[in-house]
1. Does D:ILE414 satisfy the criteria of being of a type in the set (A, V, I, L, M, F, W, C), in contact (Cβ under 8 Å) with a residue 24 or more places away in the chain and more than 14 Å from chain A (Cβ to nearest Cβ)?
2. Scan region B:1-41 for residues that are in contact with a Ser or Thr (Cβ under 8 Å, 6 or more places away or on another chain) and within 7 Å of another protein chain (Cβ to nearest Cβ) and jot them down.
3. Which one of the conditions (1) surrounded by 17 or more Cβ atoms within 10 Å (Cβ to Cβ); (2) touching a helix residue (DSSP H, G or I) at 6+ places or on another chain (Cβ under 9 Å); (3) under 26 Å from A:GLY62 (Cβ atoms) does C:LEU465 fail to meet, given that it meets all the rest?
4. Given the conditions (1) among the hydrophobic types (A, V, I, L, M, F, W, C); (2) more than 14 Å from chain A (Cβ to nearest Cβ); (3) touching a residue at least 12 places away in the same chain (Cβ under 8 Å), and given that D:ILE357 satisfies all but one, which numbered condition is not satisfied?
5. Among B:GLU54, B:GLU74, B:GLU11, which is the only one that is surrounded by 19 or more Cβ atoms within 10 Å (Cβ to Cβ) and in contact (Cβ under 8 Å) with a residue 60 or more places away in the chain?
6. Out of C:LEU280, C:LEU341, which single residue is aliphatic (A, V, I, L, M), within 14 Å of chain A (Cβ to nearest Cβ) and surrounded by 19 or more Cβ atoms within 10 Å (Cβ to Cβ)?
7. In region C:148-156, is there at least one residue being modelled with pLDDT of 90 or more, within 24 Å of C:PHE278 (Cα to Cα) and hydroxyl-bearing (Ser, Thr, Tyr)?
Amino acid sequence: MELIVLRDGEEHRVAIEPGDKGSVVRIGERTYLVDRVPTSGTVRSLVIEGRQFEVSVRPNSGGRYQVGLPGAIEEVEVLDPLTYLAEKGGAREASRGPRTVTAYMPGRVVALLVEEGQEVESGDGLVVLEAMKMENEIRAETAGVVRKILVSEGQAVEGGDPLFEIG
Amino acid sequence: MELIVLRDGEEHRVAIEPGDKGSVVRIGERTYLVDRVPTSGTVRSLVIEGRQFEVSVRPNSGGRYQVGLPGAIEEVEVLDPLTYLAEKGGAREASRGPRTVTAYMPGRVVALLVEEGQEVESGDGLVVLEAMKMENEIRAETAGVVRKILVSEGQAVEGGDPLFEIG
Amino acid sequence: MKPFRKVLVANRGEIAVRVIRGLRELGIRSAVIYSDADRQGLPVMLADEAYRIGPAPSRESYLRAGAIVELAAEIEADAIHPGYGFLAENADFARLCREAEIKFIGPSPEAIAEMGSKIESRRMMIEAGVPVVPGGQDTLPTVEEAAAFAEELGYPVLLKAIAGGGGKGMRVVHTAEDLPGAYRAARSESGASFGEDSVYLEKFIEQPRHVEIQILGDEHGRVVSLGERECSLQRRHQKVVEEAPSPVVDRELRRRMGEAAVTAAVAAGYTNAGTVEFLLDQDGEFYFLEMNTRLQVEHPVTEMVTGLDLVRAQLEIAQGGEIGPEMEGIQPRGHAIEVRLYAEDPYRGFVPSPGRIERLRWPEGPGVRNDCGVYEGSEVPIHYDPMLGKLIVWAQSREQAMDRLARALAEIRIEGIRTTVPLFAALLEDADFRAGRLDIGMLDRKLAAGELQPGHELELADLPLIAAALEHAERQARYSAVPAAGGGRRPRWRQASRRESLRRGPWS
Amino acid sequence: MKPFRKVLVANRGEIAVRVIRGLRELGIRSAVIYSDADRQGLPVMLADEAYRIGPAPSRESYLRAGAIVELAAEIEADAIHPGYGFLAENADFARLCREAEIKFIGPSPEAIAEMGSKIESRRMMIEAGVPVVPGGQDTLPTVEEAAAFAEELGYPVLLKAIAGGGGKGMRVVHTAEDLPGAYRAARSESGASFGEDSVYLEKFIEQPRHVEIQILGDEHGRVVSLGERECSLQRRHQKVVEEAPSPVVDRELRRRMGEAAVTAAVAAGYTNAGTVEFLLDQDGEFYFLEMNTRLQVEHPVTEMVTGLDLVRAQLEIAQGGEIGPEMEGIQPRGHAIEVRLYAEDPYRGFVPSPGRIERLRWPEGPGVRNDCGVYEGSEVPIHYDPMLGKLIVWAQSREQAMDRLARALAEIRIEGIRTTVPLFAALLEDADFRAGRLDIGMLDRKLAAGELQPGHELELADLPLIAAALEHAERQARYSAVPAAGGGRRPRWRQASRRESLRRGPWS
């Protein structure tokens, strides 16, 4: 099986062949013989030529996986090559449209710092969220114009909720 | 809702009425106001007039539930009253037929201590199972005649597997 | 004093769990309050009794002093343990308890009130002869007076606005030449900010450590010091890592700081567990900072090096027990380190990370203690302090304790929310931390300089790719078409249900 | 000796986990072997490297001495840690390691062999002046010789068959009058059972305690005693509960027993960690029983009262390290108790209970240590010892340690398999155990008398009924008919899937 794995914006071609002693996984020039067993819940033990790794793999929507490693959590996206090529074309299109800024934590909107139509620079504060007794500012990651404000002051939001469209 | 709960062979009539502050549960003369919330997996926290109990309730087949309590595990059976009455009639019938002796743990049959047709008393050894480096004798719980031997020496058995029919 | 049969724990999270454990070990029935956000919390699950106190916001639940005391009376609790935070240092609450004849497990309302006032407690300490940061809150109307006082104190000094706060109107002055300029700047900034331009002077303590002394006082007049804790590792004035003993406190300094702490506590008529916080400068001089009139978050490091159980001691003292002579002059044995596990994302500026804990594995084994208030599957609510709990290790030496902590951190798995675990792993590789070179600004400086970045170097860089790709492949296989069954991409479970219906027959 | 970079752990279960933790704390890479039954075991998940050694049966996996040494060489391990059991006391295995130039973490093959022979070790102890149970393995051909020797030893005495075993040909004799009859009976029973009727005499020790001394020997000739463990609580000669210190060993007896143990170890040229087991009679006399040439299951209680890390000590000694003077004359601090958690059903004659652990919650908090080899979701295999691991508590006194153990046992939840947890809860309410009145027959006697029945008294007798009935009602509601949808008893999920197909339309 051939797959594309996206990690930190980089794409990796990964080939998997099931075998007797585990799966043979090829990533670029590198080949790994992987003995993988589920242990409990989302946890798997991977033994790769003697080296043992305990990882937790949690599927999110759309082929994204959260991989829990010792001391870190990474998110990667797995796609089949055809879907990937199709999406890649679409994505270029999409990147020209407005981007949505989402809440990266649940909280309450304490203050809106911008208005619709306002131009913002990357790093400008957009909104102050209060969560767990602390106030946190959400800033613009790219420059643009605030197209739409989707929340109002005092409103409670969940992590992932859209807050603004900036384009 | 009216239910019959069987515990240690005794039957209890349990009536449940959902309410604002929890369910009202009546068992015989006793009434409890129960605030019950699931916490994680099979675990529930029951607050009954201030007293808090953390229990785990694991459904087995046929209305049987394993209830994990602090320091103990109990098994009870829950039936709706009509089913119970119907089964009660049938059960009387069934108790006249042969009973099946099952393995209450997985293991290997080391020695058969009885033959088909042999009469056994309650407490007589029937079979020696080896499990976890120790040998354990399974004994007859009631007197009767060994109708059928369902395993042979050397055979591996799982917990719950039938070993004998005694009638 | 009659022995307690039931105690109400007026708190939540890990400290409620800690107190419930202490109560159970003494055979005392535990009751706990909970807000709507905490009905499924670990304290409720471990307590003998649990009572709703209100909706999620603290003001409507854990801060309802009157309702809590009423509840205690209603359920016939003999005493209330306030934990830390919420009402723990609220003199009015302690007074309400006294009026309702419910024992407040802590000092008297008077001692709480006196120690709660910075000005009052500083005055009391000066009177009792406990060293405070030299200086005075008398205003200095002229630059000449300021210069004379600065000379008296010795440079460096700190100019502070009487009306001040938030660093405004504050100037560090290193030499006499710099004083006139700094004096003018401080006054004008202060005037502009607060409409009041009076300033005063304090000795400036350079890169001090935060070292605190745990004390215990019984109700028979005996007060003992149980040694120090080093709490210099703070992020924005919030303690993050604590240890005992301090890497720089020797037996003699411990004795002197302990005596000062006991003097402070005696001056306040203090009873039960308390902590006297000091700044310790680079020359080994220490200065009273404040007194915390309650059990501290970091009490376990003291427990682990002294072998004492401070919650047990609190309960025994509150029941009229006496402090035994074995607590006198106690010396630490081995070394303990505590790290506070916060639901914050150290990769993203420590933004809070509430949510459901999808996976939780604590470290176990030798020398590891887990004091936590959460479990796998529990929700970390948005309404309260983001501390999940604490991981504490003990070993024979500081070096071994750090090695053990690294091992324990490698065993921990918390998924679903982000935590400060990666920060601690990075800290254990920091040369200054390893060497015990700590001061209260160190952590903020290092973070500002981009150090301690929780960079994880994977032994196998491709691991996340391999793990995710195999997972994906397995899921594809599980749900993918079975070619013989018609060639479509029919998931296996749909096939199974089709077989099921075939077996039943269309007439079923 | 070069420092270890990688060590192969030749064991499974909790002891493999214990050693892996010790290796990680020292920064040494850990490799572990596993049988097919243990691929998903906790040791594999915590180790840096893992290698299959064979199918489930021990003989084909954990006992394959040659294959294990070959593997160690192949993966370039510097040393092998054998744990306990399996090959830990196998002199041939230690010899194979030596030949392959892989360090065996334990004593020399010669010391293992000598201490492995009951006759040889007894002879060696007598020579070294270590007290052994008085008596002799010389046969007593006449009743007169037997009577004379019995007089010399003092009654009560124990007649034993030279060819004996399993209690056959064994007689306790309390007075001189009873000797002739017992002598004849023992000879005839022995002859009938073994075809050899020679008998010998030993002093009979009435209701002794099992008290053992932990020793450490380095490779520079230094041996130290680290104090005693009380291990009298045994079921069928298998230890169940251990504690340190022993409730009856004072400083002087500890010194004497420690000296005897060190003498024993020196006589055997012993290195690394070892245990000298003694019988301690009611008069405070002690007798050498045997020496275990390995780390014991119960080593944590010694660790908790001495503050030492025995696995670390083993690794340091094996790397050529020296025992420091701080270990000399060490005295216990506080009290530690260990209970062994077996997958056995104490309600059903301790029948093994392998299977899947459906739920697992360890106790946490102050003074609690979990040394376990399983996790929630793991399978307890049928092939090995049923010990899941150990729960160890420490507190300032035995009384407090028992209270803490009771608290910890109340927090534990293990579901899916049966365990010995309820036995320990019952034991903690036993007056003899509470008072420390222990001997090696006590537990079997109490169990035979029907005491220590793990009867649980529920605070609310109706609790299981309430819990199960509410669960059932909820499930009924979840799957029950929605009257508006046709009146049938159609489970909601079927309804949902029907809606799903309607939404898609019949043409999809």
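1. Numbers: of a type in the set (A, V, I, L, M, F, W, C): yes; in contact (Cβ under 8 Å) with a residue 24 or more places away in the chain: yes; more than 14 Å from chain A (Cβ to nearest Cβ): yes.
Considered against the rule, which asks whether it is of a type in the set (A, V, I, L, M, F, W, C), in contact (Cβ under 8 Å) with a residue 24 or more places away in the chain and more than 14 Å from chain A (Cβ to nearest Cβ), D:ILE414 comes out as yes.
2. B:ILE16, B:VAL25, B:VAL34, B:ARG36, B:VAL37, B:THR39, B:SER40, B:GLY41
3. If we test C:LEU465 against (1) surrounded by 17 or more Cβ atoms within 10 Å (Cβ to Cβ); (2) touching a helix residue (DSSP H, G or I) at 6+ places or on another chain (Cβ under 9 Å); (3) under 26 Å from A:GLY62 (Cβ atoms), just (2) comes out false.
4. Going through the list (1) among the hydrophobic types (A, V, I, L, M, F, W, C); (2) more than 14 Å from chain A (Cβ to nearest Cβ); (3) touching a residue at least 12 places away in the same chain (Cβ under 8 Å), D:ILE357 breaks only (2).
5. Working: B:GLU54 fails: in contact (Cβ under 8 Å) with a residue 60 or more places away in the chain; B:GLU11 fails: surrounded by 19 or more Cβ atoms within 10 Å (Cβ to Cβ).
Matching residue, one of B:GLU54, B:GLU74, B:GLU11: B:GLU74.
6. Details: C:LEU280 fails: within 14 Å of chain A (Cβ to nearest Cβ).
Criteria check complete, one pass: C:LEU341.
7. Scanning region C:148-156 turns up at least one residue that is modelled with pLDDT of 90 or more, within 24 Å of C:PHE278 (Cα to Cα) and hydroxyl-bearing (Ser, Thr, Tyr).
Condition check ((1) in a loop (DSSP other than H, G, I, E, B); (2) farther than 26 Å from C:TYR342 by Cβ; (3) among the charged types (D, E, K, R)) across all residues:
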| site | (1), (2), (3) |
| --- | --- |
| A:VAL128 | no, no, no |
| A:GLU137 | no, no, yes |
| A:GLY154 | yes, yes, no |
| A:GLU165 | no, yes, yes |
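The values are calculated or read from the model by the stated rules, or taken from the named source; none is laboratory data. What you are looking at is a predicted structure, and each value in this text was computed from that prediction instead of being measured. Note that each Cβ is placed from the backbone with ideal geometry, even for glycine, and that neighbours are counted across all protein chains shown.
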